[in-house]
Amino acid sequence: MNHAIAIATLCGLSVAAPLVAQSNPTYIQFSPGAVKGVLYKPDRGPAPHVAVLVIHRTSNFLSHPATRELPARGFMVLAMNPRSDNNEAAVSFEANALDIKSGVEFLRKQPGITKVVLWGHSGGGPATSFYEAVAEKGSGYCRGANKLVECDNSLDGLPKADGLILVDAHPGVSVNGLRSLNPAVIDDRDPKKIDASLDPFSPANGYKDGASRYSDAFKKKYFAAQAARMNRLIDAARAEQKAMKDGTAPYPDDDVMFLTRFEGARLMELDPSIHHATLAPQKLLKNDGTVATQIVESVRRPARGYDRRNASFDGGARVMTVRSFLSANAIRAKDSLDDVDWCSSNNSTTCAIRSISIPILITAMGAHYFIRDNEIHYAAAASTDKEFIVVEGATHGFAPCTACETTPGQYANSQKNFFDYAAKWIAARF
């Protein structure tokens with residue numbers, strides 16, 4: 001399953017809010033026609049003066065849990081689907097910023113609204129942080145010889161937001177792709193040709209379904225090989241683009257790019273000791289609602305069945321175009337974990353966060369694998385008003401990880417606690 005679609009499914013399965021947030025949401029049509037939104041307002045209580053914009057790169061967020069939880073706490077919410085809704089091959093990541101612009105401008109015009117907060121959940125993290133970085137720095141942010149794709153001046157003049165909440169944001173779908181591809185592939189046209197010394201699903205290398213443990217030597221070799229394969233794919237895509245310009249390619253504008261074993265080989269999903277915890281003591285929002293400061297460890301369980309997933313078409317292969325690959329799914333690196341050229345891709349939360357000055361709340365879910373990445377985001381953030389907190393026992397879609405519990409109900413309040421905390425953070429500033 002496509003990672004973005006999986007995220008949307010997770011969100012849809014999250015525990016519903018106990019209060020009815022809004023009984024009559026309003027559909028909003030934007031331009032181009034593929035861009036759409038749903039506006040949610042509280043059913044009762046004071047008219048909201050803060051609006052929250054919820055959006056992803058490709059996922060359908062029109063019924064995201066925030067559309068129930070935030071209006072129940074007094075906020076207006078605009079949930080949007082961008083022009084590349086549910087279509088990775090249609091992604092022009094830079095152009096998605098224009099969709100966010102439409103949403104911000106729409107919310108600024110709503111009666112009583114004085115502040116607009118961007119909500120970047122998962123792949124919405126790189127989308128919203130890219131938008132805000134360009135809004136603050138101009139199109140110069142997304143131009144330069146180091147960029148795999150450069151934006152144009154259509155992104156100048158984006159209206160800034162007032163705040164940004166990163167919600168278990170990943171470092172970029174580009175980085176997700178880098179870390180998820182199988183570097184043991186010898187021939188990109190044949191998924192069965194594998195270098196046994198790099199095979200993450202070989203017991204000889206440390207694989208055991210649901211309980212893998214890889215040696216430091218293997219991990220070092222593996223992460224370097226992931227970067228090398230990604231760089232090869234990038235070089236091939238750019239060579240194809242050059243051929244298009246030269247008139248020697250089949251098409252002058254774009255072409256299909258098929259990526260075999262591009263999903264399901266992320267070592268941190270197979271071996272939970274990788275990116276297992278924060279490096280420094282950080283805030284942990286505990287199940288009883290209190291906040292502790294400590295080294296925070298992920299309670300996630302190791303993935304199962306990824307050997308079959310990675311080898312399959314449905315679970316391991318990705319169908320994109322040359323353009324969508326370079327725009328959103330590619331990034332340069334020497335090591336997939338620690339030596340990434342963060343700013344070579346515009347789809348990079350870790351790059352964008354350095355150019356953002358507005359207040360920012362960075363959150364991570366305690367039963368997922370983005371805790372360390374979000375600690376990196378927090379350290380890199382340029383905002384003077386910044387905060388980082390991990391939600392104990394929460395899955396990527398906020399619901400409690402019951403499989404991670406040692407006692408029944410151990411993480412039962414994860415979703416309520418998270419939205420309560422986010423609402424208080426907004427109210428304290430705006």
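Please treat every number below as a calculation from the coordinates, not as lab data. Just so it is clear, the structure is predicted and the values come from calculations on it, not from any experiment. Ideal geometry is used to build each Cβ from the backbone, glycine not excepted, and the neighbour counts take in all protein chains shown.
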With each run of n ≥ 4 DSSP H residues scored as -39500 (n - 2.57), what mean residue ellipticity at 222 nm is computed for the chain after dividing by its residue count and rounding to the nearest 500 deg cm²/dmol?
-> -9000 deg cm²/dmol
Restricted to the chain, the DSSP antiparallel beta bridge percent, nearest 5, is 45 percent
Relative contact order %, the chain, counting alpha carbon pairs below 8 Å whose residues are six or more apart | 17 percent
In terms of modelled amide H atoms, which long-range or inter-chain residues lie less than 5 Å from the amide H of Ala364?
-> Asp168, Ile389, Val390, Val391
For labels at Ala280 and Arg143 in the simple 7 Å Cα→Cβ model, what's the distance in nm?
-> 3.5 nm
Can you find, among Thr114, Leu78, Ala382, the residue farthest towards the positive end of the dipole of the chain? Put +1 on the C-beta of Lys and Arg, -1 on that of Asp and Glu.
-> Thr114
Taking the DSSP beta bridges in segment 241-396 as the whole, what percent of them are antiparallel, to the nearest 5?
-> 55 percent
Can you flag which of Lys137/Lys245; Lys219/Lys334; Lys137/Lys160; Lys147/Lys245 are past 21 Å Cα-Cα?
-> Lys137/Lys245
Value of relative contact order over segment 206-361, rounded to a whole percent, pairs C-alpha under 8 Å and six or more apart = 29 percent
Using a basic spin-label model with each label point 7 Å from the Cα along Cα→Cβ, how many nm lie between Ala403 and Lys334?
-> 3.7 nm
Roughly how big is segment 207-279's charge dipole about its Cα centre, with Cβ charges of +1 (Lys, Arg) and -1 (Asp, Glu), in debye to the nearest 20?
-> 460 debye
Under a 5 Å amide H to amide H cut-off, with H placed in plane at 1.01 Å, what residues pair with Met257 once short-range neighbours are removed?
-> Met320, Thr321, Val322
Plugging the Cβ-Cβ distance of Ala236 and Arg44 into 1/(1 + (r/R0)^6) at R0 = 60 Å yields, to the nearest 0.05, a FRET efficiency of 0.60
For segment 299-326 and segment 391-419, what is the separation of their C-alpha centers, rounded to whole Å?
-> 26 Å
May I ask you to derive the FRET efficiency for Asp156 and Ala211 from their Cβ-Cβ distance with R0 = 45 Å, giving the value to the nearest 0.05?
-> 0.30
With the dipole of segment 292-430 worked out from charges on the C-beta (+1 for Lys and Arg, -1 for Asp and Glu) around the Cα centre, which of Ala394, Ser345, Met365 lies farthest toward the positive end?
-> Ser345
